[in-house]
Amino acid sequence: MRGTGLSYAAAVSLGASPIYYFGTEEQKQKYLVPITTGETLAAFGLTEPNAGSDAGGTRTTAVLEGDEYVINGEKTWITNASYSRTVTVTAVSGKDPKGKNIISAFIVPTNTQGLTINSNYEKMGVRASNTCEIILDNVRVPKENLLGDPDKGFKQFLFTLDGGRISIAALAVGIAQAAFDRALAFSKERIQFGKTISNFQAIQFKLADMAMEIELARNMVYKAAWLKDNKKPFAKEAAYAKLFASETAFRASNQAIQIHGGSGYMREYEVERYLRDAKLLEIGEGTSEIQRLVIARQLGC
Ligand SMILES: Cc1cc2nc3c(=O)[nH]c(=O)nc-3n(C[C@H](O)[C@H](O)[C@H](O)COP(=O)(O)OP(=O)(O)OC[C@H]3O[C@@H](n4cnc5c(N)ncnc54)[C@H](O)[C@@H]3O)c2cc1C
């Protein structure tokens, strides 16, 4: 279910939301409606082999030729692209007056000539979620497929990522809760030294810390989501929630394995899978290090 959750989150918060927030009415009718009716998934291609955390280092280019943009470049680890009718990609479309790259977003139908999608990655976790390489070789899209204000492309996708972080945090809370539930149930069944291991304070303290952190992570997700829903600034709170919840999910999954002992190391008990899935949440949509940078920036550092 975590893979499904990730694909769903990527479709809604990365694939659909930029079109929802920044698209024209025509773009919404054409590209957003099939996503919202469930006819297709959606994808957002930001990451490149040489531009990960440093998304401003995008090397993909989009050059206006007549009424079309010609896009060339490569995107890496893009969720859902094989199952999407369109993928929104970022590309350098020009230079600002200071000579800095202008990065814009383009809606690219996945059946466009010159676009190749490969999904050969062997992942550590969330294997049910589709992850793709995208190669753009002289891909031509009508100039109407430019998404939003071309000069604010970078700001627009930072806004998109801020929102996506809340859904990653929510996924993390789900994994942490599942790990906790399994660990608690196991601790009440497993007997050692004539007692269930839930009688041992060392195990109780682990469970207490897990429960407390999950409660806090859940409240952080609710707060960030509430701020966003109420159109208040939420970038800092989304980063708090993503950072804390993903690290909570990793810690909780790790402790769940520990509480299971050797059984936790066996696939049969599933808690090892929680750990593999949780690890992604500390990396995707901005690593933990990048969340700390976002928070520090919001603090005025
Ligand atoms: C399964 C999966 C699905 C994904 N789906 C998508 C998707 O749908 N769309 C998309 O665009 N991308 C997607 N990604 C890419 C993901 O967002 C990137 O992997 C992530 O942003 C990190 O980039 P990177 O892997 O290039 O790591 P790098 O940026 O190379 O970072 C390597 C390490 O250096 C650290 N680091 C980098 N810069 C700094 C700094 N300034 N200060 C401190 N530390 C720093 C990082 O935190 C990390 O620990 C996906 C990735 C995976 C694994």
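Assorted remarks:
- Residue match in segment 268-281 (condition: of a type in the set (F, W, Y), open to solvent by 60 Å² or more (accessible area, probe 1.4 Å) and in a helix (DSSP H, G or I)): yes
- Residue in segment 114-131 that is part of a strand (DSSP E or B), open to solvent by 60 Å² or more (accessible area, probe 1.4 Å) and farther than 21 Å from G5 by Cβ present: yes
- Where M212 falls short, out of the listed (1) surrounded by fewer than 17 Cβ atoms within 10 Å (Cβ to Cβ); (2) outside any helix (DSSP H, G or I): (2)
- Here K231 fulfils each of the conditions (1) exposed (fewer than 14 other Cβ atoms within 10 Å of the Cβ); (2) over 25 Å from L32 (Cβ atoms) apart from (2).
- Residues satisfying the stated conditions in segment 132-159, i.e. assigned to a helix (DSSP H, G or I) and away from the ligand (no atom under 15 Å from the Cβ): K143, E144, N145, P150, D151, K152, K155
- When we screen I214, I135, I191 for residues that are at pLDDT 95 or above, among the β-branched types (V, I, T) and touching a helix residue (DSSP H, G or I) at 6+ places or on another chain (Cβ under 6 Å), the only hit is I214.
- Residue selected from segment 282-301 under the condition assigned to a loop (DSSP other than H, G, I, E, B) and surrounded by 18 or more Cβ atoms within 10 Å (Cβ to Cβ), by the criterion modelled with the highest pLDDT: E282
- For segment 7-27, the tally of residues that are open to solvent by less than 20 Å² (accessible area, probe 1.4 Å) and within 12 Å of the ligand (Cβ to nearest atom) stands at 7.
So that you can scan it fast, the table gives a plain yes or no per residue for (1) within 13 Å of the ligand (Cβ to nearest atom); (2) touching a residue at least 60 places away in the same chain (Cβ under 8 Å); (3) under 24 Å from G163 (Cα atoms); (4) touching a Pro at 6+ places or on another chain (Cβ under 7 Å):
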| residue | (1), (2), (3), (4) |
| --- | --- |
| P34 | no, no, yes, no |
| A43 | yes, yes, yes, no |
| G52 | yes, no, yes, no |
| E68 | no, yes, no, yes |
| G73 | yes, yes, no, no |
| T79 | yes, yes, yes, no |
| V89 | yes, no, yes, no |
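- Scanning segment 236-255 for residues that are open to solvent by less than 90 Å² (accessible area, probe 1.4 Å), assigned to a helix (DSSP H, G or I), among the basic types (K, R) and closer than 29 Å to L299 by Cβ turns up at least one hit.
- Residues within segment 54-66 that are within 12 Å of the ligand (Cβ to nearest atom), farther than 14 Å from E133 by Cα and either over 17 Å from the mean Cα position of the chain (by Cα) or buried (at least 19 other Cβ atoms within 10 Å of the Cβ) (or both), tallied: 3
- Segment 86-104, residues that are open to solvent by 10 Å² or more (accessible area, probe 1.4 Å), small (G, A, S) and in a strand (DSSP E or B): S93, G94
The values are calculated or read from the model by the stated rules, or taken from the named source; none is laboratory data. These numbers come from a predicted model, not from an experiment. Using ideal geometry, Cβ is built from the backbone for each residue, glycine included, and neighbour counts are taken over all protein chains shown. Just so you know, the surface numbers come from the protein's heavy atoms only, side chains and all, with ligands and any DNA or RNA stripped out. Shrake-Rupley method; radii C 1.70, N 1.55, O 1.52, S 1.80 Å.
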